[in-house]
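Each reported figure results from applying straightforward, stated rules to the coordinates on display, with no laboratory input. Please read these numbers as outputs of a predicted model, since none were measured by experiment. Every residue, glycine among them, receives a Cβ derived from its backbone with ideal geometry; neighbour counts consider all protein chains shown.
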Amino acid sequence: MTSIKKVDFKIKQYLGKIYPSFLKGRENFLFYLKKVIKRKEERQNKKRNFFFLVFSSFVFVVLSFFSLTNSPKNFPTGRIINIEEGSSLTGISQSLMEKSVIKSALLLKFSSSFFAKDTSVIAGDYFFDKPLSVFEVAKKITRGDFGLTPVKVTIIEGTTIFEMTKIFEEKFPKFNSERFIELTEGQEGYLFPDTYSFLSNVREDQILKEMRDNFDKKISSMQEEIDASGKSLNEIVIMASIIEKEASREEDRKIISGILWNRIGIGMPLQVDATFLYINGKNTYNLTLNDLKIDSPYNTYKYKGLPVGPISNPSLSALKAAAVPEKSEYLFYLSDQKGNTHYAFDFDEHKKNKQLYMN
């Protein structure tokens, strides 16, 4: 029984007996009561509708938010996406949305502020091995997490910059040899030979910086020896680059260093064959008399003193030998094809060694 019917029943049962005349107002009373109940129900419906609308809106916003944060269906899995140097965050966000990396450029810009105070993005090639949310993408590009496996590169002692370019070309498909040679002008001898780990998207300037920083670190460990030698760093590096090519054994390097510094001291040409590897690529066994006459600042037969620059990038061993030579009475030396070094006090003894070990 509804509330109106209950009230009507009570009126009939009690009030109708005592005040029969009151029943005349029954219809008016019921009409008023219906209006009150109707208004109350309308207010309750409005509240229910309001809360339903708020709840629905909240659900819609949440679902939309999660929809936008999730990766697009055609996310570029297994591909490398490039972010160009100097691009703005707005431009990058729009570009990544066009490439289906993200769904919302605005959300990426907003997310980036959580991972970098200046919302800066690190340029480069990014590899995506699986779909990522917009938050993961923002974290990746603001921290320079390229997602690439480092490539190990070994540069052996005595390698020239030109030879390095060939090695880097084989390891890195996008390596620009011309740019590297341009950037490394005047750096021969100062790029330390070592084993390095570079990302596959490494730039030429990054390789240069890594190798030069390594050289600076290594050379700082022997600064006292360099200062005590009375020679400049450049002189030490030039001499070390020659020693690197002239001998492989540490004990020989120190003796040869002493011989070469002695030759310079007495005004005698260095007359080393190793510089011709830098001039025309010929070694001792391929040189001719005409080669010895080549007019080059690296020709130590034609010009006295050190050549104008290093002929290779020497090891720490060669650098130490150049800085701390071993004094001896020897003035000549030669290496046979087995790598053994033979010393002589004068030119006559040197000619005998040639006949014994070079034929």
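Numbers below:
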item: Sorted by Cβ density within 10 Å, fewest first, the residues MET164, MET97; result: MET97, MET164
item: Rg ratio (alpha-carbon, reference 2.2 N^0.38 Å) - segment 79-143; result: 0.96
item: Cα-Cα pairs of segment 215-256 separated by more than 11 Å (percent); result: 68 percent
item: Distribution of pairwise C-alpha distances over segment 226-359, 10 Å bins, in %; result: 13, 45, 37, 5, 0
item: Surface/4 estimate of mean projected area, convex hull on alpha-carbon atoms of segment 169-300, nm²; result: 10.1 nm²
item: Cα-Cα over 26 Å, subset of LYS245/LYS304; LYS103/LYS140; LYS209/LYS320; LYS174/LYS245; LYS245/LYS351; result: LYS174/LYS245
item: Point-to-point label distance, VAL151-SER232, nm (Cα→Cβ direction, 7 Å offset); result: 3.7 nm
item: Pairwise FRET efficiency - ASP295 versus GLU85, Cβ, R0 = 51 Å, nearest 0.05; result: 0.75
item: Whole-Hz ³J(HN,Hα) from phi, Karplus 6.51 cos²θ - 1.76 cosθ + 1.60, for segment 256-263, glycine and proline x; result: 4, 4, x, 5, 5, 5, 5, 4
item: Projected area, mean over directions - segment 153-228, Cα convex hull, nm²; result: 5.1 nm²
item: Gain upon complete extension [GLN223, PHE110; 0.36 nm per residue less C-alpha separation]; result: 35.7 nm
